[in-house]
Amino acid sequence: MSATLAELLGVVAPQWSVTVFESAAEVAGESSDAWNNAGTGHSALCELNYTPAGPDGRVDPAKAVTINEQFQQSRQFWSHLVREGLSGGSPKEFITPVPHIGFVTGQAGRAYMRARYDALAAQPLFADLEYTEDAAELAEWIPLMMAGRDRGQLVAATRSEAGTDVNFGALTRLMFDDAIERGVAVHTNQRVQDLDRETDGRWKVTVRDTVTGERRTVRTRFVFVGAGGGALPLLQRSGIREIRGFGGFPVSGKFLRTRSPELVGMHQAKVYGQAAVGAPPMSVPHLDLRLIDGDRSLLFGPYAGFSPRFLKAGKLWDLPASVRPTNLGSMLGAGAANIPLTNYLVRELLQSRDARHRTLTDFVPTAEAHDWDLITAGQRVQVIKRDPATGRGVLQFGTELIVGGDGSIGGLLGASPGASTAVSAMLTLLERAFPHRIPAWRSALTDAIPSYGRLLSDDPILLGQVRAHTMQTLELTG
Ligand SMILES: Cc1cc2nc3c(=O)[nH]c(=O)nc-3n(C[C@H](O)[C@H](O)[C@H](O)COP(=O)(O)OP(=O)(O)OC[C@H]3O[C@@H](n4cnc5c(N)ncnc54)[C@H](O)[C@@H]3O)c2cc1C
């Protein structure tokens with residue numbers, strides 16, 4: 001998020017002085033690191049949680065269209081950066097075309113998939129979606145998943161060739177390298193400890209060197225708290241009223257990974273299934289081809305775990321220390337209202353190696369345990385928010401942009417759809433923190449992101465241009 005914001009500021013306000021403080025020894029080692037997330041360029045092509053069926057079985061495409069529009073903004077901005085020289089003009093370092101497939105089994109699954117396809121195929125952004133119920137065709141799309149599958153099982157799937165795998169770690173490092181060349185200062189091993197508003201409206205940022213222990217302060221007119229899981233405690237320390245009532249609940253992700261060339265060779269897609277009944281959206285099982293630093297592997301998961309840490313390298317007291325008088329009600333309310341999540345986490349935590357393997361065999365019937373290793377991915381700090389209607393706390397699975405202090409401070413909570421929609425999130429931050437500057441910035445933003453302020457779903461000509469252009473610049477033609 002911070003790297004994206006630094007790059008956007010480079011477009012609209014290149015003369016501004018921007019400084020980044022990173023507590024770790026390297027940037028992009030937390031959630032954005034390639035192995036700490038699934039690398040799916042989330043555009044709702046295959047993630048069934050963005051298209052739930054209503055009580056009448058119909059599917060509303062609205063949420064999927066919004067996510068796809070947001071991802072198109074990311075594609076356009078990344079294309080702009082590549083044209084300007086990011087990664088020496090070689091996008092393969094961070095983005096690769098990988099078909100996105102949604103897959104279901106059973107009669108009910110098939111009925112849902114058909115309704116979803118009907119709803120999405122009518123949308124210009126999803127015009128290339130293909131649908132099949134034919135096991136023989138699926139054996140061509142996803143041979144690894146169809147091998148050894150019960151012939152009597154009903155199956156259905158959609159496929160989009162517009163899908164991508166993104167190495168968000170590589171992208172973040174490239175964006176910071178680019179920003180540094182333009183004069184942005186990036187300091188590592190520097191933990192931001194405190195944020196205080198001065199009487200002149202500026203923020204005093206207290207930073208501690210994690211190696212020497214030395215402290216220093218920096219004064220600034222605007223702060224963005226792009227600290228991932230570390231954002232909630234820092235926004236709480238800032239004392240802004242907009243953070244009151246917010247809490248966080250950390251859930252860690254684990255994946256099974258195989259590097260077996262034979263298995264990887266049989267699975268050239270990202271395939272998302274349906275979450276189990278009562279399980280939260282982040283638990284949607286998926287089997288992903290990953291392309292990281294020239295290596296190909298498959299990831300299956302996620303399996304959830306619980307740790308009270310807000311960052312992988314966080315502290316055991318992160319969760320209890322985040323409970324304040326101002327969010328205690330939300331935290332307790334969210335706990336009481338989320339018994340299914342609690343049950344799901346307990347089930348996941350108690351899951352044995354054999355039980356994990358059984359879940360994998362729903363996807364890969366012929367899977368053998370010795371081919372797969374368990375890896376721990378990043379922490380997601382799910383947002384807990386006070387519902388203004390009921391006054392009770394609710395657990396959210398998306399992201400929440402907080403802007404406070406009269407637009408002088410912003411921060412991002414939550415994790416999903418996350419890195420894929422960082423450009424859209426940071427554009428919204430600019431609009432909310434600097435509304436009076438947007439008219440002057442609009443032309444530069446539109447040069448970088450032609451669909452800025454417009455909807456591609458309403459503009460087939462622009463959609464065609466943007467698609468062709470980003471496919472060519474990002475080398476997504478397969
Ligand atoms: C298991 C899992 C799977 C996911 N899969 C996907 C996916 O397929 N597609 C997708 O788009 N998104 C996915 N996400 C979400 C995505 O990874 C995140 O939304 C995104 O990486 C968050 O970026 P960020 O910049 O907000 O946070 P981060 O990448 O975590 O960066 C925050 C940085 O702030 C630093 N920091 C923290 N506290 C301080 C402090 N006090 N002072 C200084 N520095 C600090 C941290 O060290 C870190 O480097 C997934 C996440 C998880 C956990």
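The values are calculated or read from the model by the stated rules, or taken from the named source; none is laboratory data. These numbers were taken from a predicted model, which means no experiment stands behind them. All Cβ positions, even for glycine, are placed from backbone atoms using ideal geometry, and neighbour counts span all protein chains on display. Just the protein is used for accessible areas: all its heavy atoms, side chains included, with ligands, DNA and RNA removed. Shrake-Rupley method; radii C 1.70, N 1.55, O 1.52, S 1.80 Å.
On C-alpha positions alone, give me the angle between the axis of helix 339-349 and the longest principal axis of the chain, in degrees, nearest 10.
Tilt relative to the chain: about 80 degrees.
What's the angle, to the nearest 10 degrees (0 to 90), between helix 438-448's Cα axis and the longest principal axis of the chain?
Here the helix axis deviates by roughly 40 degrees.
Provide the gained length on full extension for the span R110 to V211, in nm with one decimal, where the gain is 0.36 nm per separating residue minus the Cα-Cα distance. Spell out each step's value before the answer.
Details: separation 101, 0.36 × 101 = 36.36 nm, distance 5.61 nm.
Extra length from R110 to V211 when fully extended: 30.7 nm.
What is the log10 of I(q)/I(0) for the stretch 1-101, computed with the Debye formula using one identical point scatterer on each Cα and no solvent, at q = 0.24 Å⁻¹?
For the requested q values the scattering log ratios are -1.41.
From Cα pairs below 8 angstrom and at least 6 apart in sequence, can you work out the relative contact order of the stretch 70-161, rounded to a whole percent? Let's see the in-between values first.
Working: 87 pairs, mean separation 33.2, N = 92.
Result for the stretch 70-161 is 36 percent.
Only sites in a loop by DSSP and with at most 12 other Cβ atoms within 10 Å count here; which trypsin sites (Lys or Arg not before Pro) in the stretch 104-167 make the cut? Kindly include the intermediate steps, with their values, before the conclusion.
Working: sites: R110, R114, R116, R149, R151, R159; in loops: R149, R151.
Passing both the DSSP loop test and the Cβ count: R151.
In degrees, nearest 10, range 0 to 90: what is the angle between the Cα axis of helix 62-83 and the longest Cα principal axis of the chain?
70 degrees
Once you've got the Cα coordinates, tell me which of K63/K270; K254/K315; K204/K312; K63/K385 are over 24 Å apart. Mind showing how you got there, number by number?
On the way: K63/K270 20 Å; K254/K315 19 Å; K204/K312 27 Å; K63/K385 20 Å.
As for pairs spanning more than 24 Å Cα to Cα, those are K204/K312.
So which aspartates and glutamates can K92 reach, going by Cα to Cα under 15 Å and dropping same-chain residues fewer than 8 places off?
D165, D293, D295, E475
If every alpha-carbon in the stretch 63-200 counts as one equal scatterer, what log10 I(q)/I(0) does Debye give at q = 0.09, 0.11, 0.21 1/Å?
-0.47, -0.64, -1.23
So for the pair S352, A13, with labels modelled 7 Å out along Cα→Cβ, what separation do we get in nm?
Here the answer is 5.8 nm between the modelled labels.
Return the calculated 222 nm mean residue ellipticity for the chain, to the nearest 500 deg cm²/dmol, obtained by summing -39500 (n - 2.57) across DSSP H runs with n ≥ 4 and dividing by the residue count.
Theoretical 222 nm ellipticity from helices: -10000 deg cm²/dmol.
For D387, enumerate residues with amide H under 5 Å from its amide H, sequence gap 5+ or separate chain, H modeled in the peptide plane.
Residues meeting the criterion, in which the H sits 1.01 Å from N, are R392, G393, V394.
Over the chain, what is the mean sequence separation of C-alpha contacts under 8 Å (at least six apart), divided by residue count, expressed as relative contact order in percent?
On the way: 922 pairs, mean separation 106.5, N = 478.
Taking the mean separation of contacting Cα pairs over the length of the chain, I get 22 percent.
Per residue, how much accessible area does the stretch 13-96 show when a 1.4 Å probe rolls over the protein heavy atoms, in square angstrom? Intermediate results must be reported in sequence, preceding the final value.
Values: 3320 Å² over 84 residues.
For the stretch 13-96, the solvent-accessible area averages 40 Å² per residue.
Which residues' amide hydrogens lie under 5 Å from the amide hydrogen of H42, considering only partners 5 or more residues apart or on another chain, with H built in the peptide plane?
The answer is S420.
What net charge do the residues around G39 carry, taking every other residue with its C-beta under 9 Å from that of G39, with Lys and Arg at +1 and Asp and Glu at -1?
Numbers: positive: K270, R290; negative: D165, D288.
Neighbour charge sum, excluding G39 itself: 0.
Hey, what did the stretch 398-478 get for relative contact order, percent, Cα under 8 Å, at least 6 apart? Write out the running numbers ahead of the final one.
Numbers: 52 pairs, mean separation 15.0, N = 81.
Once divided by the residue count of the stretch 398-478, the mean separation gives 19 percent.
May I ask you to work out the translational diffusion coefficient for the chain at 37 °C, viscosity 0.692 mPa s, via Stokes-Einstein with Rh from the Kirkwood sum over Cα pairs, reported in whole µm²/s? Kindly include the intermediate steps, with their values, before the conclusion.
Working: Rh = 23.3 Å.
The estimated diffusion coefficient comes to 141 µm²/s.
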